[in-house]
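The values are calculated or read from the model by the stated rules, or taken from the named source; none is laboratory data. Being a predicted model, the structure only gives us computed values, none of them experimental. Cβ sites come from the backbone with ideal geometry, for glycine too, and all protein chains shown count toward neighbours.
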Amino acid sequence: MRTTIRDIQMMRDRGERIPMITAYDYTSAQIADRAGIPIILVGDSLGMVVLGHQSTVPVTLDEMIHHTRAVVRGTQKALVVGDLPFLTYTSPEQAIQSAGRMLQEAGAQAVKLEGGVHVAPIIARLVTLGIPVMGHIGFTPQSVNQIGLRVQGKRANEAQQLIADALAVQEAGAFALVLELVPAELAQAITERLRIPTIGIGAGAGCSGQVQVWHDLLGLYSDFLPRHARRYAELAKTIADALSQYVHDVRNGLFPGPEHSSRIDSAELAAALSNIDQTT
């Protein structure tokens, strides 16, 4: 049985920390689901970590639907949240269409969108139609060309605006709120003022839960680690070593061995070759 938004709220109310992770395909989703991750985000970060773009801006709704479908197929228990990409929710009407496709075509159970006070009416409209919405404030990657890649809310006026944004998103009906690259003290203050769970990334330990990018957590990049991330494995090196060993074994005739092959009865093979030889 899948985790629901009510389950997530109950986790927050019990004081139980909420782990969330991104996933972008069937295999990673299956692993995360079996590990007991209650929320899987199909983030538009796939634009960078899967598709090789410099930001999330080029990601399309069709691409998000494609990857979300795969993640849904790989899960049985996790709540799957699909990101709405850049410029796909500029009006309530467009947001309804985009979010509707994410639930109907991709099978997601909720959507995530970026912004505070200015998107609250859009969130409210989606929620009234039965579409669960996760908010996202602080550093919002889709606005990177406007705000830059930096911590948000360090000055009093910025912090005040983020608090207002968080309250507006909550009152619009969002079931949870991502706080990204926000000072830890501010993130904790926001968390204490909200009734809904906050999910931090680069926002300290005072949030209701945490989210990390699959590739950062598992060390799939050998040369880059964001400050807010912790590597729980070094899979890039493990994978590279395995592939190097594979190349060595193939080149030196060490793979495949007899145990990796099937066999034909020698009499059957001889008869087949004899028939071929007679007709050529």
Any pair with Cβ under 7 angstrom, 6 or more apart, that starts in the range 171-185 at a residue that is without any contact (Cβ under 8 Å) to a residue 24 or more places away in the chain and ends at one that is crowded, with 20+ Cβ neighbours inside 10 Å: A184/A203
Qualifying residues in the range 90-108 (those that are in contact (Cβ under 8 Å) with a residue 40 or more places away in the chain and surrounded by fewer than 21 Cβ atoms within 10 Å (Cβ to Cβ)) - the one farthest from L61 (Cα to Cα): E105
Test: I131 is in contact with a strand residue (DSSP E or B) (Cβ under 8 Å, 6 or more places away or on another chain), in a loop (DSSP other than H, G, I, E, B), touching a residue at least 40 places away in the same chain (Cβ under 8 Å) and surrounded by fewer than 24 Cβ atoms within 10 Å (Cβ to Cβ): no
All positions within the range 264-280 that are in a loop (DSSP other than H, G, I, E, B) and either among the acidic types (D, E) or modelled with pLDDT of 95 or more (or both): D265
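Go through the range 19-59 and report how many residues are of a type in the set (A, V, I, L, M), assigned to a loop (DSSP other than H, G, I, E, B) and closer than 19 Å to P197 by Cα.
Counting residues in the range 19-59 that are of a type in the set (A, V, I, L, M), assigned to a loop (DSSP other than H, G, I, E, B) and closer than 19 Å to P197 by Cα gives 1.
Please find, among Y246, Y232, the residue that is within 22 Å of M48 (Cβ to Cβ), aromatic (F, W, Y) and without any contact (Cβ under 8 Å) to a residue 24 or more places away in the chain. Reasoning before the result, please.
Working: Y246 fails: within 22 Å of M48 (Cβ to Cβ).
Exactly one residue qualifies, and that residue is Y232.
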Residue list for the range 192-209, restricted to those being surrounded by fewer than 19 Cβ atoms within 10 Å (Cβ to Cβ) and either out of contact with any Ser or Thr (no Cβ under 9 Å at 6 or more places or on another chain) or of a type in the set (F, W, Y) (or both): E192, R193, R195, G204, A205
